[in-house]
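Enquirer: Okay, here's the structure, questions in a sec.
The values are calculated or read from the model by the stated rules, or taken from the named source; none is laboratory data. Source: prediction; values computed, not measured. Neighbour counts are summed over all protein chains in view; Cβ atoms, including those assigned to glycine, are modelled from backbone coordinates with ideal geometry.
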Amino acid sequence: MCFVISVLFLLTRIPFITTMTPEELTRVHEYNFDHPNAFDTEQLLCVMEKLKHGQAVDIPKYDFKSYKKDVFPARRVNPSDVIILEGILIFHDPRVRDLMNMKIFVDTDADVRLARRIRRDTVEKGRDIDTVLDQYSNFVKPAFDDFILPTKKYADIIIPRGGDNHVAIDLIVQHIRTKLGQHNLCKIYPNLYVIHSTFQIRGMHTLIRDTLTTKHDFIFYADRLIRLVVEHGLGHLPFTEKQVITPTGSVYTGVDFCKRLCGVSVIRSGESDNGQQLIYEKLPTDISDRHVLLLDPILGTGNSAVQAISLLIKKGVPEANIIFLNLISAPQGVHVVCKRFPRIKIVTSEIEIGLNEDFRVIPGMGEFGDRYFGTDDDDQETVAPTQ
């Protein structure tokens with residue numbers, strides 16, 4: 001799954017201008033290239049769909065002198081992890097907007113835009129300045145006011161000063177790098193969060209997965225990982241600004257976290273994750289008014305999770321108020337839960353390879369409850385009786 005943003009030059013707007021009729025070509029200077037009808041949006045959508053599915057495409061090269069796009073050989077564009085789509089009307093069509101993971105509006109002063117246009121059209125396109133100014137007054141400026149500026153509201157990020165805003169550009173670059181470093185499932189499901197992996201976290205995972213790890217160490221390191229997952233999950237709760245007085249008499253402006261919170265554990269009877277039968281439930285009477293942390297150490301097939309989430313929703317808990325926390329998650333379970341409940345958030349510390357033929361998570365860590373509580377007969381510790 002690629003990451004699509006809407007700035008800079010990879011697929012430019014010019015190749016996707018609609019084919020002009022012979023009659024339109026005779027009056028080309030009267031043609032409004034800045035109107036939405038001038039764009040071949042269907043071709044753009046087709047090209048983007050192919051790129052997002054890993055297929056190379058051929059982009060036509062537009063000839064500014066003949067006003068045609070079949071004069072030069074097409075440019076081959078290969079699929080990539082990041083697709084950068086640029087265009088003045090790129091936010092106009094909702095179908096194009098829906099393709100984007102990040103929408104950026106570059107806000108540049110009108111005088112700067114005009115100066116750049118004059119320089120580009122006179123130097124690169126060989127047009128005289130009177131023609132450039134007439135086109136700007138008759139078409140470009142009205143189109144900006146009518147069709148471009150109103151779409152500013154759809155942007156996720158607005159960059160003032162354009163390319164000169166190095167701070168904004170650095171932040172965007174860092175955000176994209178972070179997204180590229182995420183698991184592929186996070187690129188598919190924006191409601192899935194995997195805590196940032198470090199050597200310390202990998203080390204703790206190594207210990208809890210090792211069959212030779214003692215019960216004491218398993219509990220110790222599992223608890224540490226669970227705390228990290230819970231802390232990350234708490235970061236997704238709503239908060240309000242709050243000011244407090246410090247012991248030095250100073251004012252500190254911080255946040256006040258959501259108070260209406262409830263933790264709900266998923267407990268299974270036996271080793272199965274088939275989620276076929278609800279045996280027992282006990283929830284607060286005001287559960288519908290709370291944010292819920294749904295706790296399950298392992299997300300396997302997702303069947304038990306679906307049962308638990310369905311129960312919470314039946315009790316009146318809004319889907320968006322549920323945060324599902326796991327130590328490890330199998331891709332199959334992630335697909336099941338995210339597709340069924342797209343508004344809940346899933347927070348985990350690691351995505352697994354998958355499930356084996358017995359529907360057990362691999363590489364996994366075994367039966368979490370048995371290892372944590374010492375209920376596995378093969379892992380019982382002998383305790384000497386006290387005198």
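Enquirer: So, of the residues in segment 81-103 that are of a type in the set (Val, Ile, Thr) and buried (at least 19 other Cβ atoms within 10 Å of the Cβ), which turns out to be nearest to Ile169 (Cα to Cα)?
Expert: Ile83
Per-residue answers, yes or no, for (1) modelled with pLDDT of 90 or more; (2) part of a strand (DSSP E or B); (3) not assigned by TED's automatic domain parsing to the domain that holds Asp63:
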position	(1), (2), (3)
His92	no, no, no
Arg95	yes, no, no
Val106	no, yes, no
Arg116	no, no, no
Lys125	no, no, no
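Enquirer: A follow-up question, please. Consider Asp109 carefully, then state whether it is in contact with a helix residue (DSSP H, G or I) (Cβ under 6 Å, 6 or more places away or on another chain) and over 23 Å from Thr41 (Cα atoms).
Expert: Judged against the criteria, Asp109 is not a match.
Enquirer: Which residue, of Ile328, Ile353, is at pLDDT 95 or above and of a type outside the set (S, T, N, Q)?
Expert: Numbers: Ile353 fails: at pLDDT 95 or above.
After applying the criteria, what remains is Ile328.
Enquirer: Turning to a different aspect of this structure: Only one of these conditions is not met by Glu281: (1) more than 28 Å from Phe220 (Cα to Cα); (2) at pLDDT below 90; (3) outside any loop (DSSP other than H, G, I, E, B). Which number is it?
Expert: Single failed check for Glu281: (3).
Enquirer: Quick test for you: out of Ile104, Ile83, pick the one residue that is touching a residue at least 60 places away in the same chain (Cβ under 8 Å), in contact with a Cys (Cβ under 6 Å, 6 or more places away or on another chain), under 26 Å from Asn165 (Cα atoms) and not small (Gly, Ala, Ser).
Expert: Result of the check over Ile104, Ile83: Ile83.
Enquirer: Quick check: anything in segment 326-345 among the hydroxyl-bearing types (Ser, Thr, Tyr), in a helix (DSSP H, G or I) and either surrounded by 13 or more Cβ atoms within 10 Å (Cβ to Cβ) or touching a residue at least 60 places away in the same chain (Cβ under 8 Å) (or both)?
Expert: no
Enquirer: Now for a different question. If I go through segment 302-360 residue by residue, how many of them are over 29 Å from Thr206 (Cα atoms) and among the polar types (S, T, N, Q)?
Expert: Total satisfying the criteria: 3.
Enquirer: Name the one entry in Val306, Val266, Val317 that is of a type outside the set (Ser, Thr, Tyr) and modelled with pLDDT of 95 or more.
Expert: Every option except Val317 fails the conditions.
Enquirer: Of Thr213, Thr253, Thr246, Thr198, which residue is farther than 22 Å from Ala320 by Cα, surrounded by 11 or more Cβ atoms within 10 Å (Cβ to Cβ) and not assigned by TED's automatic domain parsing to the domain that holds Met100?
Expert: Result of the check over Thr213, Thr253, Thr246, Thr198: Thr213.
Enquirer: Out of segment 318-335, which residues are of a type in the set (A, V, I, L, M) and touching a Leu at 6+ places or on another chain (Cβ under 9 Å)?
Expert: Within segment 318-335, the subset of a type in the set (A, V, I, L, M) is 320, 322-323, 325, 327-328, 330, 334.
Across segment 318-335, the qualifying residues are Ile322, Ile323, Leu325, Leu327, Ile328, Ala330, Val334.
Enquirer: Just the residues that are over 25 Å from Ile351 (Cα atoms) and either part of a helix (DSSP H, G or I) or touching a Phe, Trp or Tyr at 6+ places or on another chain (Cβ under 7 Å) (or both), please, taken from segment 285-310.
Expert: Matches in segment 285-310: Ile287, Ser288, Asp289.
Enquirer: Among the residues of segment 104-131, write down those that are of a type in the set (A, V, I, L, M) and buried (at least 18 other Cβ atoms within 10 Å of the Cβ).
Expert: So in segment 104-131, the residues of a type in the set (A, V, I, L, M) come out as 104, 106, 110, 112, 114-115, 118, 123, 129.
If the condition is that a residue be of a type in the set (A, V, I, L, M) and buried (at least 18 other Cβ atoms within 10 Å of the Cβ), then Ile104, Val106 are the ones that fit.
Enquirer: What number of residues within segment 102-160 are small (Gly, Ala, Ser) and farther than 20 Å from Phe91 by Cβ?
Expert: Final tally of qualifying residues: 3.
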